[in-house]
1. Checking the table LYS129/LYS195; LYS129/LYS261; LYS129/LYS211 against a 21 Å threshold on Cα-Cα, which pairs fail?
2. Using a Cα-Cα cut-off of under 16 Å, which aspartates and glutamates could be cross-linked to LYS138, ignoring same-chain neighbours fewer than 8 residues away?
3. Using per-residue counts of other Cβ atoms within 10 Å, averaged over each peptide, order 54-67, 228-241 from highest down.
4. In sequence order, what are the phi-derived ³J(HN,Hα) couplings for segment 54-66 according to the Karplus relation 6.51 cos²θ - 1.76 cosθ + 1.60 with θ = phi - 60°, rounded to whole Hz, with x for glycine and proline?
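Only the coordinates and a few stated rules stand behind these numbers; no lab work does. Just so you know, these numbers come straight off a predicted model, no measurement behind them. A quick note on method: Cβ atoms are made from the backbone with ideal geometry, for glycine too, and the neighbour counts reach across all protein chains shown.
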Amino acid sequence: MSGVFSGPDLIDTYGTLPTVSRSTVIKPSTSSFSRTESIPLHVQLSDILREKIYSREWTPGRRIPSEHELMDTFDLSRGTVRRAIRSLVDEGLLTQVRGSGTFVAEAGISHPAGERPISFAESLHEQGKDFVTHVLVKQRMAAPSEVVSMLELRPGDQVMYLRRVRTVDGEPIMCQEGWNSLRECPGLFDVDFTKEAAFEAVERCSGRKIKSSHMRYVARVAGKEHGDYLGCEESSPVLLLEQVIRLDDETPIEWSFTWLKAGQEVVGTAVQPS
């Protein structure tokens, strides 16, 4: 699957939900609103709405009050209400559906954790998610010194730098960027990554199986550049996954970083040694 990625332009494309009856709509509460000068009004409103979700007063799949209802309840402008809702959409707590309203988000996309390397394409396929891969950058270069170290290469060895964004229902959910050894994977640079998953291409070009991955997770804010890629505010939370992936003969083949937009989770099972 392929397409042209247009950054924030993709934010307003949403999927559909079943027709909503009036009984499923959450009524606005009369929570007090403190007009504290040191805290912007949209931040205060975001905090109030967020707590309703965290406390499960507002449960997944329920429609929240309309913009007009929130404006009347808290005596706020439309712009303030929209900004508060937008921040919770960026956090993955709310979902907006054109013509239907704003809903508390259902459980997010899950990805497996453990010693097994994470193939996000496989993970999305297993969950029945139709996705589109957008290749933003594909470049052949001599490996930078840090890449030489991480992939155990020789100075001057060629690597491929690849940056992709994946979208589900037109909305960007992750940005993946990393370096692959072309010495170990001849022909990898010629692959069309909008049609073939990187893991499959690596195994085909190297003639070996991917075996293991050393993974590191860290909480970050998106920042300006990755916020543009993911269609979210630069201050929005993201989960950053770093992986060094090895083949079945322990050869390191990829050093990559995956920026996961809020609303996704990484799940696994931990077993205490006997």
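1. From the list (LYS129/LYS195; LYS129/LYS261; LYS129/LYS211), the Cα-Cα distance tops 21 Å for LYS129/LYS211.
2. Straight-line reach from LYS138, under 16 Å: GLU177, ASP190, ASP192, GLU196, GLU254.
3. With the highest mean Cβ count within 10 Å placed first, the list reads 228-241, 54-67.
4. Using θ = phi - 60°, the values come out as 4, 7, 6, 4, 10, 9, x, x, 7, 7, 8, x, 5 Hz.
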